[in-house]
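Engineer: I am attaching a structure below and will ask some questions about it afterwards.
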Amino acid sequence: MRVVHDIEEMRAISQKARAEGKTVGLVPTMGALHSGHIELARRAREECGIVIMSIFVNPIQFGPNEDYEAYPRTLKADAELAEEAGVDYIFAPDAKQMYPKEPLTSVDVGKLTEHLCGASRPGHFRGVATVVAKLFNITRPHRAYFGMKDAQQLRVLIRMNEDLNFGITIVPVPTVREADGLAISSRNTYLSREDRLRAVVLSRSLKLAERLVASGELDAGKIKSAMRDLIMSEVPDALIDYVEIVDDDTVQPIDKVDGKALVALAVRIGGTRLIDNVTVKA
């Protein structure tokens, strides 16, 4: 496995692989790799002739009061994990490589970013879509792998790929969870031991939503209220950013589950913002 820092070198490697008829797979990450990222890499390894994992902490997707400077940067450890998972190349540019000038061009995926994390993190998805578009142009993958835990991000990138005719196959990979149900995330490392135990309430509340829908409760308001009550009864000092039910395709809030819907939430436990979601169907 090789670590590549230069954009033009990475572009040349991908172009050579494509000329040789190899399927190029891209796994975009911000590093601090965990088993969720490794599952993406393994899936790519199974389906592609060459696997590129990007590791880049993207400054333009962080808000002014978010954790850009504190975000873990563990390239050496990440490289060892990536190699074990079968990654051929890590593309790890620095911010000056990716943004040599103040960027004047951005990608905005409109209505899909208005709610959920888009409402509480203005500009976040513009930053995500912009950097992923850049990564697509640099690495020119046939297939790109994204985790379903970041449900809104996944839908934004699928739509961007369609609207801008990248022609890439976007591969959603199911959320990887701990044994107790907590969705694996780089930000779980910020949790204290006590908060880690309390954080399982997120997945418990999503399980509650699944049970309610399965039992015939389709009123979105009642389902959300039950989820909020469960969270606050188990973690009274939790700060709920949102508990929402949206149309699975448009990411717009709905009043009633009718067909496929996304149940999503963002909650701060001990100051750490965690997200999770589940898809339900009436």
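The values are calculated or read from the model by the stated rules, or taken from the named source; none is laboratory data. Remember, predicted model here, so these are calculated numbers, not experimental data. With ideal geometry, Cβ positions are generated from the backbone for all residues, glycine too; neighbour counts draw on all protein chains shown.
Engineer: Do any residues in the stretch 175-195 that are modelled with pLDDT of 95 or more have Cβ atoms under 6 Å from those of residues that are hydroxyl-bearing (Ser, Thr, Tyr) and assigned to a loop (DSSP other than H, G, I, E, B), where the two are at least six apart or on different chains, and which pairs are they?
Structural biologist: As it stands, the answer is 183/175, since those pairs meet every condition given.
Engineer: Residues 248, 229, 180: which one is among the acidic types (Asp, Glu) and under 18 Å from residue 113 (Cα atoms)? Working first, answer last.
Structural biologist: Details: 229 fails: under 18 Å from residue 113 (Cα atoms); 180 fails: under 18 Å from residue 113 (Cα atoms).
Exactly one of 248, 229, 180 is among the acidic types (Asp, Glu) and under 18 Å from residue 113 (Cα atoms), namely 248.
Engineer: Just need a number here: residues in the stretch 1-34 that are assigned to a helix (DSSP H, G or I), in contact with a helix residue (DSSP H, G or I) (Cβ under 7 Å, 6 or more places away or on another chain) and hydrophobic (A, V, I, L, M, F, W, C). Please lay out each step first, then the result.
Structural biologist: Restricting attention to the stretch 1-34, the residues satisfying the condition of being assigned to a helix (DSSP H, G or I) are 7-19.
With the extra rule that they be in contact with a helix residue (DSSP H, G or I) (Cβ under 7 Å, 6 or more places away or on another chain), the set shrinks to 7, 10-11, 14.
Applying the additional criterion that residues be hydrophobic (A, V, I, L, M, F, W, C) yields 7, 10.
Matching residues across the stretch 1-34 total 2.
Engineer: Residue 196 - would you say it is assigned to a helix (DSSP H, G or I) and either crowded, with 19+ Cβ neighbours inside 10 Å or within 14 Å of the chain's Cα centre (by Cα) (or both)? Walk me through it before giving the result.
Structural biologist: Numbers: assigned to a helix (DSSP H, G or I): yes; either crowded, with 19+ Cβ neighbours inside 10 Å or within 14 Å of the chain's Cα centre (by Cα) (or both): no.
No: the conditions fail for residue 196.
Engineer: Here is a follow-up. Just checking, does the stretch 61-72 include any residue being buried (at least 22 other Cβ atoms within 10 Å of the Cβ) and in contact with a Ser or Thr (Cβ under 8 Å, 6 or more places away or on another chain)?
Structural biologist: As a first pass, look at the stretch 61-72 and keep what is buried (at least 22 other Cβ atoms within 10 Å of the Cβ): none.
No - not one qualifying residue is present in the stretch 61-72.
Engineer: Continuing with the same structure: Given the options 203, 225, name the one that is surrounded by 16 or more Cβ atoms within 10 Å (Cβ to Cβ) and small (Gly, Ala, Ser).
Structural biologist: Step by step, each of 203, 225 is checked, and only 203 is surrounded by 16 or more Cβ atoms within 10 Å (Cβ to Cβ) and small (Gly, Ala, Ser).
So that you can scan it fast, the table gives a plain yes or no per residue for (1) within 18 Å of the chain's Cα centre (by Cα); (2) surrounded by 16 or more Cβ atoms within 10 Å (Cβ to Cβ); (3) of a type in the set (Ser, Thr, Tyr); (4) within 20 Å of residue 39 (Cβ to Cβ):
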| position | (1), (2), (3), (4) |
| --- | --- |
| 93 | no, yes, no, no |
| 100 | no, no, no, no |
| 113 | yes, yes, yes, no |
| 119 | yes, no, no, no |
